[in-house]
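Notes follow the structure.
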Amino acid sequence: MSALLHEASHFLAAAVPPPAGDGTVPQPKSNAPGTLTTKVNLVLGILAWAGTAAGVCGVLVTGAMMAISVKRGESSEHMSRLGMVLGGCVLVATAGPLVQFVFN
């Protein structure tokens, strides 16, 4: 089994370019047309702003529901809902930097 894994690793790593003389690994060039990347970046920017706006609205709605339930004397699971909203906000906020880290 280890011989098979050894051969598979050599086959899969064959396409990786060797480091340059100074030890840096050359980055691959993008083949996408400039107009396409501009449009994709525009759509991703709009989605990022929409995600941020949805997160702010979610926090505001959860806070309003908490205030209403306290006034009525009801106990409910608003803290778990707030945690889910804040987790979504963190996911939206870190999506761009994570993708940029992985692909650049």
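FYI, it's all coordinate maths here, none of it is from the lab. Since this is a predicted model, take the numbers as computed values, not measurements. Backbone-built Cβ (ideal geometry, glycine too); neighbour counts: all protein chains shown.
Please list 52-60, 4-12 highest first by mean number of surrounding beta-carbon atoms within 10 Å per residue.
Working: 52-60: 13.7, 4-12: 9.3.
Averaged packing, sorted descending, gives the order 52-60, 4-12.
For the range 28-104, what is the relative contact order in percent, using Cα pairs closer than 8 Å and at least 6 residues apart in sequence?
Working: 22 pairs, mean separation 27.7, N = 77.
Computed value for the range 28-104: 36 percent relative contact order.
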